[in-house]
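Structure, as structure tokens:
Only the coordinates and a few stated rules stand behind these numbers; no lab work does. Worth saying up front: this structure is predicted, and the values here are computed from it rather than measured. Please note: Cβ atoms are built from the backbone with ideal geometry, for glycine as well, and neighbour counts cover all protein chains shown.
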Amino acid sequence: MLVHAQVRLALAKLNRYSDYMEPWLVTTLLLITANGTPVITSVLLGDRWAWPLDGNTRFTDQRPLLGASKTLRGLVMAIVATAVVAALLGMAWYEGALFGLLAMLGDICSSFIKRRLGFRSSQSAPVLDQLPETLLPAWVMQPALGTSTTGMLAAVAVFFVIDLLFSQLLDSKTAR
């Protein structure tokens, strides 16, 4: 009980992340959390609980609606993880959950577009893979995060570079 009280006191002292971190950095951390959690979860759990969001439905073009890599597990885990990280950064957990949901909605939109363009599930499409999942949450949550337009664009750019480097690393590992 004493440890629990000490943890709560320490978190209360943190107050808001803005006392210690720039808003663009917080935005970047939330982007990494929201978009990285489904990948990490997939590596850790494999196919367990990997129910496709589209239920393996095909669109009118006979291509998958979203593809097998968009799962309910990834969606839920991204929302929960982003809510936890947001709370640790001094934000309201529901702001983090909304940020995670918006990032996943952007990711779902890019998957839908990629399937229409003939890209396979999980096939890389630079820019299309990064922009919707970063701009949507960063733009909608900009007032809650206190990020300037320049800061928002900086967070998107930093995430873009990190994601491209990480994608190349994953591609080189799976190519072996």
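Per residue of the chain, the DSSP helices (runs of n ≥ 4 H) give a summed -39500 (n - 2.57) that works out to -22000 deg cm²/dmol at 222 nm. For the stretch 101-138, trypsin sites (Lys or Arg not before Pro) are listed when DSSP marks them as loop and at most 14 other Cβ atoms sit within 10 Å of their Cβ; the list is 120.
Hydrophobic, long helices, defined as DSSP H runs whose alpha-carbon span along the helix axis is 27 Å or greater and whose mean Kyte-Doolittle value is at least 0.0, occur in the chain at 23-45, 93-116, 149-174. Exposure proxy ranking for 108, 40, based on other Cβ atoms within 10 angstrom of each Cβ and starting from the fewest, stands as 40, 108. A viscosity of 1.002 mPa s and a temperature of 20 °C, combined with the Kirkwood radius over Cα pairs in Stokes-Einstein, give a translational diffusion coefficient for the stretch 73-166 of 156 µm²/s.
Please compute P(r) over all alpha-carbon pairs of the stretch 118-168, binned at 10 Å starting from zero, and give each bin as a whole-number percent. Final binned percentages: 24, 47, 23, 6.
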